[in-house]
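Trainee: One structure, pasted below without further comment.
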Amino acid sequence: PPLDDDVWELYDGNVDWTQANDLAASDPDRLAALQRLWLIEAVKYNVLPIDDRRFERLNATIAGRPQLITGTTQTLFPGMKRLSENSVIDIKNRSFSVTATLDAATNGPTNGVLIAQGGRFGGWALYVKENRAKFVYNLLGLQEFVTEADSDLETGTRQVRAEFAYDGGGLGKGGGVTLYYDGQPVGSGRVD
């Protein structure tokens, strides 16, 4: 809802530390004075306009924050450490693909993360476990959507790619996932 429609509350912390008794209706003059003081301070410290959107604020493009990286492609190199979300291409609410070249093990199973964005409480990763490529999307730590290749990765230098085809039509609408080995599809799944 618009910020102007927010309901203000007023409490006397000296006698009502639990904030059980809202004084807004019984002391409207004090509330108005404090609202005016709040607005003066907000202008003084340049905090307006206040963005009270919820999910839109998580997306730098929608929220109007600058992005360090723009364009449609980005190359990451082996050994790179943690990159902040704003230092990689914004892939939220859009189709994308990610491709990794790796040397599949000849003396045992291939295992490891190729790329991960996010963490325990949300994000996605492309990885290989027991010679099979997997793509996982973690929805706020509440649900994981896993797509697994239906065949093992052959030994030697290989290319693993995950493509996410966004359903479109708004924020967080889900989409299809397809996994590829050396350009050949090897698995598909869905992120709801």
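Trainee: Inspect region 6-20 for any residue being open to solvent by 100 Å² or more (accessible area, probe 1.4 Å), in a loop (DSSP other than H, G, I, E, B) and modelled with pLDDT under 90 and give the result as yes or no.
Mentor: no
Trainee: To continue, here is another question. Name the pairs whose Cβ atoms lie under 8 Å apart, with the first residue in region 157-179 and of a type in the set (Lys, Arg), the second in a loop (DSSP other than H, G, I, E, B), and 6 or more positions between them or separate chains?
Mentor: Arg158/Asp182; Arg161/Gly183; Lys173/Asn93; Lys173/Asp167
Trainee: Right, another one. If you scan region 143-156, which residues turn out to be of a type outside the set (A, V, I, L, M), assigned to a loop (DSSP other than H, G, I, E, B) and either open to solvent by 60 Å² or more (accessible area, probe 1.4 Å) or in contact (Cβ under 8 Å) with a residue 40 or more places away in the chain (or both)?
Mentor: Asp150, Asp152, Glu154, Thr155
Trainee: Has region 150-158 got at least one residue that is out of contact with any Asp or Glu (no Cβ under 9 Å at 6 or more places or on another chain) and closer than 22 Å to Ser95 by Cα?
Mentor: no
Trainee: Tell me whether region 23-37 contains one or more residues that are closer than 30 Å to Gly112 by Cβ and either in contact with a Phe, Trp or Tyr (Cβ under 7 Å, 6 or more places away or on another chain) or modelled with pLDDT under 90 (or both).
Mentor: No - not one qualifying residue is present in region 23-37.
Trainee: Take residues that are open to solvent by 60 Å² or more (accessible area, probe 1.4 Å) and of a type outside the set (Ser, Thr, Tyr) and tell me which of the strands (runs of 3 or more DSSP E) falling wholly in region 44-142 contain 3 or more.
Mentor: Strands (runs of 3 or more DSSP E) meeting the threshold: 112-119.
Conditions (1) over 14 Å from Trp8 (Cβ atoms); (2) of a type in the set (A, V, I, L, M); (3) in contact with an Asp or Glu (Cβ under 8 Å, 6 or more places away or on another chain), marked per residue:
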{"residue": "Ala25", "(1), (2), (3)": "no, yes, no"}
{"residue": "Leu31", "(1), (2), (3)": "no, yes, no"}
{"residue": "Glu41", "(1), (2), (3)": "yes, no, no"}
{"residue": "Tyr45", "(1), (2), (3)": "yes, no, no"}
{"residue": "Ile50", "(1), (2), (3)": "no, yes, no"}
{"residue": "Asn59", "(1), (2), (3)": "yes, no, yes"}
{"residue": "Pro78", "(1), (2), (3)": "yes, no, no"}
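The values are calculated or read from the model by the stated rules, or taken from the named source; none is laboratory data. Since the model is a prediction, treat every value here as computed from it, not as a measurement. Cβ atoms come from the backbone with ideal geometry, glycine included; neighbour counts cover every protein chain shown. Keep in mind that these areas ignore ligands, DNA and RNA; they rest on the heavy atoms of the full protein, side chains included. Shrake-Rupley method; radii C 1.70, N 1.55, O 1.52, S 1.80 Å.
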